[in-house]
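Take a look at the structure set out below.
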Amino acid sequence: MNRTFVYYLSKIEEALDKGRNEEPFRFVESENELIRQMEPPVVVTMKAPGLFLPAPAIDPDQIVDQLPELRIRYARAVLSVVDGNVLGVSVPDAIHPPIQSLGGVIALLAAHERRHL
């Protein structure tokens, strides 16, 4: 979860810096389908992209300490999108190809966390 948060939080912040999107936001079908598959209960098993696999030598204490900080950063990003119409802004370099929008990334991260918890 930490590696996914670390990767996508910078993408969310980039998308927020891009500015506002005036069109009403709707998930594209491919985003909607992937997010549905991510949600618990787990019906579809998925492999993590190589970029998100844990390093061979990890410090469990560091991971435990880092997660709350990443969740706070994620919560701040979510709160900042509530005020504006930015959910449709494209997100560069999304590792999950169906996900193209800021709204899709936010929903993916929320579903990903629920899946693991």
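The values are calculated or read from the model by the stated rules, or taken from the named source; none is laboratory data. On a predicted model such as this, the values are computed, not experimentally measured, just so you know. We place every Cβ from the backbone using ideal geometry, glycine too, and count neighbours over all the protein chains shown. Remember, those area values only see protein heavy atoms, side chains included, never the ligands or the DNA or RNA. Shrake-Rupley method; radii C 1.70, N 1.55, O 1.52, S 1.80 Å.
Couple of notes before you dig in:
- Filter result (exposed (fewer than 10 other Cβ atoms within 10 Å of the Cβ), assigned to a helix (DSSP H, G or I) and in contact (Cβ under 8 Å) with a residue 12 or more places away in the chain) within the range 14-53: LEU51
- ARG3 vs. criteria open to solvent by 40 Å² or more (accessible area, probe 1.4 Å), of a type in the set (Lys, Arg), outside any loop (DSSP other than H, G, I, E, B) and under 17 Å from PRO97 (Cβ atoms): no
- Pick from the range 54-68, criterion outside any loop (DSSP other than H, G, I, E, B) and either open to solvent by 100 Å² or more (accessible area, probe 1.4 Å) or at pLDDT 90 or above (or both), ranking: farthest from PRO92 (Cα to Cα): ASP61
- In the range 95-111, the residues that are at pLDDT 85 or above and either open to solvent by 30 Å² or more (accessible area, probe 1.4 Å) or assigned to a loop (DSSP other than H, G, I, E, B) (or both): ILE95, HIS96, PRO98, ILE99, GLN100
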